[in-house]
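Report on one structure; see the data block that follows.
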Amino acid sequence: MLVAFGVASVDADPSAGGIAGGMEGFSPSAAAAETQLEERFDSDLSAAEQRSWMEQMASEPNHVGSAHDKANAEFMLQKFREWGWDASIETFSVLYPTPREVLVELVAPTHFTANLREPPIEGDSTSSKTKDELPAYNVYGADGDVTADLVYVNQGMPDDYKELERRGVSVKGRIVLARYGGGWRGLKPKLAYEHGAIGCLIYSDPRDDGYGAGDTYPKGGYRPRDGVQRGSVQDLVLYTGDPLTPGVGSTPGAKRLAIKDAKTILKIPVLPISYGDAEPLLAALGGAVAPATWRGGLPMTYHLGPGPAKVHLKVVSDWTQKPLYDVIAKIRGAQEPDRWIVRGNHHDGWVFGATDPLAGNIALMAEAKSIGNLVKQGWHPRRTLVYASWDGEEPGLLGSTEWAETHGDELKVKAALYINSDTNSRGYLDAEGSHSLQRFVSEAARDVKDPETGASVLERGIAKTRVEDYESGGHAEGRGHADAGGHPDARTELSLGALGSGSDFTPFLQHLGVNALNLGFSGEAEYGVYHSAYDSFDHFRRFVDPTFEYGVALSKVVGRLVLRASQADLLPAHESGFADSVATFTEELHKLADSMRGKTQELDSLLDDGVYKLAMDPQHVREAPPREGNVPYLDFSELDNAIVKLKASAKAFDKEYARVAAADDARSAAERDRINAALTVLEGSLTDSHGLPGREWYQHMIYAPGLHTGYGVKTLPGIREAIEERRWEEANRYVGVVAHALDAYSARLDHAISAQ
């Protein structure tokens with residue numbers, strides 16, 4: 001028995017329900033040939049080559065519209081063609097505002113002008129290259145010139161505003177100061193506007209990613225005093241991509257909205273600032289002392305305001321169209337050319353973008369080079385491969401969304417799988433995606449060695465999961481609850497998380513209904529310079545992945561997924577895994593409604609008994625929370641019945657899938673064709689053309705970003721968010737919508753294995 005870190009090898013005991021040594025969709029003989037192919041693929045991967053590509057691509061600012069962004073696209077185009085791919089650049093013209101003038105100054109009770117720039121760092125060779133660098137800003141905020149009292153709102157999330165209301169603090173007509181964290185940055189100015197604020201500042205608190213986390217750059221990898229987290233504040237929970245062309249590609253003839261009518265552009269000015277610039281603003285605040293959980297790492301007492309701090313905020317932007325350069329490379333499938341395996345990562349950054357995104361992009365390039373060499377040696381994939389390096393991800397998934405919308409009709413019928421990466425660093429494999437693919441990912445991770453330990457990537461991931469579950473009492477963050485997905489067998493498979501948003505998988509999965517995965521290594525790097533000018537090659541080589549071996553590991557894992565999905569007799573699928581996950585999500589809905597009902601009744605009892613009034617400190621008034629309406633008993637029967645049917649259909653499908661994968665006769669060829677035809681479009685069964693409430697662009701009924709989480713996922717979102725927002729009629733309606741989608745999914749599974 002092989003043992004690593006106390007974890008028995010997953011190959012050791014097939015009877016325990018593990019993944020053993022097989023490959024989904026392959027017969028034993030075909031799996032042996034695939035293993036030999038993957039050994040050839042691995043032999044062409046080079047950490048030194050990835051290092052060289054990153055150093056070149058991160059040598060100048062590469063934001064949308066920059067000269068170096070275009071140069072990087074042309075460099076990759078040349079490389080793809082050199083490696084034997086049919087490659088081209090697809091261009092789109094999108095609204096991409098850039099700042100002409102930005103200003104933040106404290107005008108009372110003292111005067112202070114924020115620096116709003118990131119000075120050079122000793123030992124960082126690119127940090128002085130500011131000629132083509134944009135000022136630190138939040139794209140898709142509004143222009144404005146406002147002066148008002150300042151209010152500190154913690155992370156600026158819904159519960160923070162509830163707490164301010166209980167303390168009698170209003171942000172109406174004021175400027176808010178929020179710290180990063182707690183949710184998608186775009187929700188901070190959006191919620192501020194909804195509560196009446198006229199401007200928003202967002203800062204990175206040193207407790208979170210500065211000296212509270214570790215030594216700051218250049219001594220360590222964490223955010224220095226003047227580091228600023230840029231980022232988009234586009235309202236991406238409504239739709240992603242060009243704000244002026246929702247639902248259609250931003251091609252020359254596309255009909256565009258007027259800027260004033262674009263729903264994803266915010267209504268108030270917003271700017272990011274460093275904790276060095278935030279400190280004088282916070283120090284000038286008066287009012288009540290902030291709650292203990294709101295206090296950060298700056299050496300002061302955190303107050304709420306309003307005032308006496310008064311701030312002048314000014315943003316003036318250039319609201320013009322900018323070009324996007326999507327690099328698209330294809331290798332036509334030899335036997336099933338109209339089934340596509342699509343692989344993507346973006347190449348644009350906020351400044352130099354070494355970790356985010358180039359660490360993932362160079363892994364993609366390495367895969368493409370190795371696959372190209374396999375083709376030159378005579379190998380050809382069964383299915384068509386499409387490799388894409390997207391532009392404009394940082395402002396709002398622009399390049400991927402515009403390409404997906406432009407080619408949407410074709411992708412809905414041809415794209416069997418989309419595999420995404422974004423950032424990459426040192427540590428453990430993070431994997432998220434459609435839950436029918438959990439076993440598929442685990443098998444690939446089983447066959448790749450972790451660079452640091454020599455154990456498999458799978459073994460190391462399982463070890464981490466088990467330790468975290470033990471130390472958290474079984475409630476490790478990101479697992480074991482329906483929003484993130486569970487891990488049916490934490491001793492044999494990786495825990496596959498559910499997909500929210502924040503990267504280029506979104507238009508494929510949640511708009512078009514294409515099966516999707518998102519992967520990358522993380523967990524051990526000293527990385528506190530996210531979206532700053534210090535996310536550089538020098539920072540990466542010192543504090544993120546010094547040997548670049550985790551770039552090679554990512555290429556090996558994703559390369560196996562691409563090769564297996566393109567080459568297997570049967571497309572990857574383990575439908576019982578999906579059925580079990582959806583059953584877990586549904587069980588959570590039952591518990592959510594019951595918990596809300598109990599909490600509502602408990603609050604009513606406390607209010608009736610006058611408990612809050614007696615418990616309050618009369619010298620620090622904090623009002624009791626308001627009463628909430630009763631929680632009715634929802635009728636989940638239609639959804640529960642759909643789950644029963646789904647489990648039965650999935651079990652029958654998996655049994656037949658295993659039989660057909662192992663068979664090799666004339667009858668099995670026809671069966672494989674029927675199963676593959678069903679699997680190619682199966683995920684689309686989970687979409688509804690009417691979309692989610694108030695955001696019809698999001699059409700997937702199982703996975704979506706939350707309205708008040710942004711990047712964070714909500715599973716069964718139409719039902720879950722209706723319950724959370726106490727919209728009971730809507731919750732009951734979406735029970736039926738989701739049940740209908742699951743019934744359609746089950747019907748396609750049944751048809752795939754039915755006799756002709």
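I'm trying to understand the selection: among the residues of the range 281-296, which are surrounded by fewer than 16 Cβ atoms within 10 Å (Cβ to Cβ), not polar (S, T, N, Q) and not in a loop (DSSP other than H, G, I, E, B)?
Within the range 281-296, VAL289, ALA292 meet the criteria.
GLU49: open to solvent by 40 Å² or more (accessible area, probe 1.4 Å), closer than 29 Å to SER566 by Cα and without any contact (Cβ under 8 Å) to a residue 60 or more places away in the chain, yes or no?
The answer is no for GLU49.
Can you work out which of the residues in the range 735-756 that are open to solvent by less than 10 Å² (accessible area, probe 1.4 Å) and out of contact with any strand residue (DSSP E or B) (no Cβ under 8 Å at 6 or more places or on another chain) is farthest from SER685 (Cα to Cα)?
The extreme case among them is VAL735.
Any idea which of (1) open to solvent by less than 50 Å² (accessible area, probe 1.4 Å); (2) of a type outside the set (Lys, Arg); (3) farther than 30 Å from ALA254 by Cβ is the one VAL107 doesn't satisfy?
Just one mismatch for VAL107, condition (1).
Which of (1) closer than 25 Å to VAL351 by Cα; (2) touching a Gly at 6+ places or on another chain (Cβ under 9 Å) does SER66 not meet, given it meets every other one?
For SER66, the exception is condition (2).
Would you tally the residues in the range 328-381 being farther than 22 Å from GLU524 by Cα and of a type in the set (A, V, I, L, M, F, W, C)?
The qualifying residues number 16.
Scanning the range 599-623 for residues that are touching a residue at least 24 places away in the same chain (Cβ under 8 Å) and of a type in the set (A, V, I, L, M), which turns out farthest from ALA288 (Cα to Cα)?
That would be LEU603.
The rows are residues; the columns are (1) in contact (Cβ under 8 Å) with a residue 12 or more places away in the chain; (2) among the small types (Gly, Ala, Ser); (3) within 30 Å of LEU304 (Cα to Cα); (4) not in a loop (DSSP other than H, G, I, E, B).
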{"residue": "PRO224", "(1), (2), (3), (4)": "yes, no, yes, no"}
{"residue": "LEU238", "(1), (2), (3), (4)": "yes, no, no, no"}
{"residue": "THR245", "(1), (2), (3), (4)": "yes, no, no, no"}
{"residue": "ALA254", "(1), (2), (3), (4)": "no, yes, no, no"}
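Please enumerate the residues belonging to the range 87-115 that are within 16 Å of ARG230 (Cα to Cα) and in a loop (DSSP other than H, G, I, E, B).
TYR96, PRO97, ALA114, ASN115
Quick check: anything in the range 698-713 open to solvent by less than 10 Å² (accessible area, probe 1.4 Å), assigned to a helix (DSSP H, G or I) and either closer than 19 Å to SER436 by Cβ or touching an Asp or Glu at 6+ places or on another chain (Cβ under 8 Å) (or both)?
no
Take LEU561 and decide whether it is open to solvent by less than 10 Å² (accessible area, probe 1.4 Å), assigned to a helix (DSSP H, G or I) and in contact (Cβ under 8 Å) with a residue 24 or more places away in the chain.
Here the answer is yes, as LEU561 does meet what is asked.
Can we say GLU118 is open to solvent by less than 40 Å² (accessible area, probe 1.4 Å) and part of a helix (DSSP H, G or I)?
no
Filter the range 180-203 down to residues that are in contact with a strand residue (DSSP E or B) (Cβ under 7 Å, 6 or more places away or on another chain) and closer than 16 Å to ARG295 by Cβ and give me whichever is most open to solvent (accessible area, probe 1.4 Å).
So the residue we want is TYR180.
Take the residues of the range 357-381 that are assigned to a helix (DSSP H, G or I) and open to solvent by 10 Å² or more (accessible area, probe 1.4 Å): which is farthest from PRO572 (Cα to Cα)?
This residue is LYS376.
Mind checking which residues of the range 258-279 are polar (S, T, N, Q) and either out of contact with any Phe, Trp or Tyr (no Cβ under 8 Å at 6 or more places or on another chain) or under 14 Å from TYR180 (Cα atoms) (or both)?
Scanning the range 258-279 gives a single hit, SER274.
From (1) closer than 28 Å to THR384 by Cα; (2) in contact with a His (Cβ under 9 Å, 6 or more places away or on another chain); (3) surrounded by 21 or more Cβ atoms within 10 Å (Cβ to Cβ), pick out the condition that doesn't hold for LEU682.
Every listed condition holds for LEU682 apart from (2).
Please indicate, with yes or no, whether at least one residue in the range 141-155 is open to solvent by 10 Å² or more (accessible area, probe 1.4 Å), over 16 Å from LEU201 (Cβ atoms) and part of a loop (DSSP other than H, G, I, E, B).
Looking for residues that are open to solvent by 10 Å² or more (accessible area, probe 1.4 Å), over 16 Å from LEU201 (Cβ atoms) and part of a loop (DSSP other than H, G, I, E, B), one finds none in the range 141-155, hence no.
Results for (1) open to solvent by less than 20 Å² (accessible area, probe 1.4 Å); (2) farther than 27 Å from TRP697 by Cβ; (3) hydroxyl-bearing (Ser, Thr, Tyr), shown as yes or no for each residue.
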position: SER503; (1), (2), (3): yes, no, yes
position: SER532; (1), (2), (3): yes, yes, yes
position: ARG541; (1), (2), (3): no, yes, no
position: PHE548; (1), (2), (3): yes, yes, no
position: GLY577; (1), (2), (3): yes, yes, no
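Can you say whether GLU55 is within 26 Å of the chain's Cα centre (by Cα) and open to solvent by 10 Å² or more (accessible area, probe 1.4 Å), as far as the supplied structure shows? Break it down into steps so the answer makes sense when it comes.
On the way: within 26 Å of the chain's Cα centre (by Cα): yes; open to solvent by 10 Å² or more (accessible area, probe 1.4 Å): yes.
When the stated conditions are applied, GLU55 passes them.
Which residues, counting only those in the range 448-460, are crowded, with 21+ Cβ neighbours inside 10 Å and either assigned to a loop (DSSP other than H, G, I, E, B) or at pLDDT below 95 (or both)?
Start the filter on the range 448-460 by keeping residues that are crowded, with 21+ Cβ neighbours inside 10 Å, which leaves 448, 450, 456-460.
Hits for the range 448-460 are VAL448, ASP450.
Inside the range 156-179, can you point out the residues that are in a loop (DSSP other than H, G, I, E, B) and surrounded by fewer than 21 Cβ atoms within 10 Å (Cβ to Cβ)?
Those that are in a loop (DSSP other than H, G, I, E, B) and surrounded by fewer than 21 Cβ atoms within 10 Å (Cβ to Cβ): MET157, ARG167, GLY168, VAL169, SER170, LYS172, GLY173.
Which condition number does LEU282 fail, the rest of (1) more than 18 Å from TYR180 (Cβ to Cβ); (2) out of contact with any helix residue (DSSP H, G or I) (no Cβ under 8 Å at 6 or more places or on another chain) being met?
(1)
Identify, from the list ALA652, ALA642, ALA666, the residue that is open to solvent by 40 Å² or more (accessible area, probe 1.4 Å), at pLDDT 95 or above, among the aliphatic types (A, V, I, L, M) and over 30 Å from ASP160 (Cβ atoms).
Result: ALA652 is the single residue among ALA652, ALA642, ALA666 that is open to solvent by 40 Å² or more (accessible area, probe 1.4 Å), at pLDDT 95 or above, among the aliphatic types (A, V, I, L, M) and over 30 Å from ASP160 (Cβ atoms).
Kindly list, by first and then second residue, each pair from a residue in the range 737-756 that is free of Cβ contacts under 8 Å to residues at least 60 places away in the same chain and within 15 Å of ASP688 (Cβ to Cβ) to a residue that is hydroxyl-bearing (Ser, Thr, Tyr) and open to solvent by 10 Å² or more (accessible area, probe 1.4 Å), limited to pairs with Cβ atoms under 7 Å and residues at least 6 apart or on different chains.
From the range 737-756, the pairs are ALA741/SER685; ALA744/SER685.
Given the criterion surrounded by fewer than 19 Cβ atoms within 10 Å (Cβ to Cβ) and part of a strand (DSSP E or B), identify the matching residue among PRO299, PRO323, PRO308. Even if it seems obvious, please write down each step before you answer.
Numbers: PRO299 fails: part of a strand (DSSP E or B); PRO308 fails: part of a strand (DSSP E or B).
Exactly one of PRO299, PRO323, PRO308 is surrounded by fewer than 19 Cβ atoms within 10 Å (Cβ to Cβ) and part of a strand (DSSP E or B), namely PRO323.
Would you pick out the residues in the range 503-562 that are within 29 Å of ASP132 (Cα to Cα), within 19 Å of the chain's Cα centre (by Cα) and of a type in the set (Ser, Thr, Tyr)?
SER503, TYR527, TYR530, SER532
Kindly establish whether GLY718 is in contact with a helix residue (DSSP H, G or I) (Cβ under 7 Å, 6 or more places away or on another chain), in a helix (DSSP H, G or I) and under 28 Å from GLY231 (Cα atoms).
Answer is yes for this residue.
The values are calculated or read from the model by the stated rules, or taken from the named source; none is laboratory data. As the structure is a prediction and not an experimental result, all values here were calculated from the model. FYI the Cβ positions are ideal-geometry reconstructions off the backbone, even for glycines, and counts take in every protein chain you see. What goes into the accessible areas is simple: the full protein's heavy atoms, side chains included, and nothing from ligands, DNA or RNA. Shrake-Rupley method; radii C 1.70, N 1.55, O 1.52, S 1.80 Å.
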